[in-house]
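Reading through the structure tokens given below for one structure.
The values are calculated or read from the model by the stated rules, or taken from the named source; none is laboratory data. Remember, predicted model here, so these are calculated numbers, not experimental data. Quick reminder, even Gly has a Cβ in these numbers, built from the backbone with ideal geometry, and neighbours come from all protein chains shown. Ligands, DNA and RNA are excluded from the accessible area calculation, which covers all protein heavy atoms including side chains. Shrake-Rupley method; radii C 1.70, N 1.55, O 1.52, S 1.80 Å.
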Amino acid sequence: MTIRLRPHRVPFRFAGPDAQKLLNDVLTARIVAEAGPLRWWALLSPQGKVQAEGLVGWADGAFWLDADASVADGFFKRMRMYKLRAQLEIEDLRGSHRVGWTDEAEEGGEADGRDTSLGRRVIATTADAAVWAAADDRFARRRISAGVAELGPDFAPDSVFPHDIGMDFLGGVDFRKGCYIGQEVVSRMQHRGTARRRPVIVAGVPDGAAAGAPVVIADREAGTIGTPVDGEAVAIIRLDRVDEGARPTIGGLPVELRLPSWATYHFGEATAEA
């Protein structure tokens, strides 16, 4: 398989003596200056909500991140604000580089650390990316099948906590490193076990249903779906509203809910209040 363009992802480059410290102090993931699988990260609001998310890797003496185009300007602005007098360069590369995806190591790039089925991210100059294949739904299908939610297609900024999208399971949050923006809220949810919403895969999504369509169980909304692809979508669901034998619907039509393979949570779980 060739490299396919991901046009809605914007690449960033962080380089300099203080780059690792800044990223560790601000983002949810542990940032390491070494080659290896890409790590999931999020930039949170002080209230613990996800404002931007993406993958981070280390190559050629710099950290390379990507984020959804809808929040790229805000992410760049906030990171420059947090920089203060730190010694590093923060580059928005949308004018010179592109983000792509492949599932073959021979095509280069770095493995997505969230799930082995998600292939490899590639960041290359605009000239090198000119030979890439056009964007299609292949990556989205893989991501949905793995139960991995993404800002843009599946949720809006400032609408979910990291636990809501499974970042605590998939390496997106480091609970042992020092403080970062929003850390107090995320840590409290982790240690008190107050996460009630979790990613769930929805199959049989009716034609015409769009991102944000509610999943209804026993006349109550249990959550909403992300952007469907081929009748499947990732939904962020209140587990305590999915009883055994429940019949979930979207637009009055039945759908099937299943948990991601990596999940250790269960339908019907109830948690303490935050």
Query raised in the report: Looking at the range 1-36, which of its residues are touching a helix residue (DSSP H, G or I) at 6+ places or on another chain (Cβ under 6 Å), under 21 Å from R94 (Cβ atoms) and open to solvent by 40 Å² or more (accessible area, probe 1.4 Å)?
Result: H8
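Test V200 against the stated conditions and say whether it is assigned to a helix (DSSP H, G or I) and surrounded by 21 or more Cβ atoms within 10 Å (Cβ to Cβ). Give the derivation first.
Values: assigned to a helix (DSSP H, G or I): no; surrounded by 21 or more Cβ atoms within 10 Å (Cβ to Cβ): yes.
Considered against the rule, which asks whether it is assigned to a helix (DSSP H, G or I) and surrounded by 21 or more Cβ atoms within 10 Å (Cβ to Cβ), V200 comes out as no.
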Report task. Starting from the range 242-267, keep only residues that are under 22 Å from A211 (Cα atoms) and β-branched (V, I, T), then list their pairs with residues that are modelled with pLDDT of 95 or more and in a loop (DSSP other than H, G, I, E, B) whose Cβ atoms are within a distance under 7 Å, requiring at least 6 positions of separation or different chains. Result -> T249/V255; I250/V205; I250/P206; I250/A209; I250/A213; V255/G204; V255/V205; V255/P248
Report task. Could you please find all residues in the range 37-61 being aliphatic (A, V, I, L, M) and surrounded by fewer than 18 Cβ atoms within 10 Å (Cβ to Cβ)? Result -> A59
Query - Only one of A195, A209, A233, A246 that is farther than 26 Å from D168 by Cβ, open to solvent by less than 50 Å² (accessible area, probe 1.4 Å) and either at pLDDT 95 or above or in a loop (DSSP other than H, G, I, E, B) (or both) - result: A209
Requested in this report: Tell me, please, whether a residue that is surrounded by 17 or more Cβ atoms within 10 Å (Cβ to Cβ), in contact (Cβ under 8 Å) with a residue 24 or more places away in the chain and within 21 Å of E34 (Cβ to Cβ) can be found in the range 73-89.
Outcome: yes
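I need the full set of residues from the range 212-227 which are open to solvent by 30 Å² or more (accessible area, probe 1.4 Å), over 17 Å from L151 (Cβ atoms) and in contact (Cβ under 8 Å) with a residue 40 or more places away in the chain, in order please.
At the first step, the residues of the range 212-227 found to be open to solvent by 30 Å² or more (accessible area, probe 1.4 Å) are 212, 214, 216, 218-221, 224, 227.
Narrowing further to those that are over 17 Å from L151 (Cβ atoms): 214, 216, 218-221.
Selection gives nothing.
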Query raised in the report: Hey, does the range 131-146 have a residue that's out of contact with any Cys (no Cβ under 8 Å at 6 or more places or on another chain), closer than 22 Å to A42 by Cα and among the acidic types (D, E)?
Result: no
Report summary line: For D164, the lone unmet condition from (1) open to solvent by less than 50 Å² (accessible area, probe 1.4 Å); (2) modelled with pLDDT under 95 is (2)
**Report entry** Residue that is least open to solvent (accessible area, probe 1.4 Å) [pool: residues in the range 249-258 that are outside any loop (DSSP other than H, G, I, E, B) and hydrophobic (A, V, I, L, M, F, W, C)]
**Finding:** I250
Query - Search result, residues across the range 147-161 that are open to solvent by 10 Å² or more (accessible area, probe 1.4 Å) and either over 12 Å from the mean Cα position of the chain (by Cα) or among the small types (G, A, S) (or both) - result: G152, A156, D158, S159
Query raised in the report: If you go through the range 104-123, how many residues are outside any loop (DSSP other than H, G, I, E, B), over 11 Å from R4 (Cβ atoms), at pLDDT 95 or above and of a type outside the set (D, E, K, R)?
Result: 4
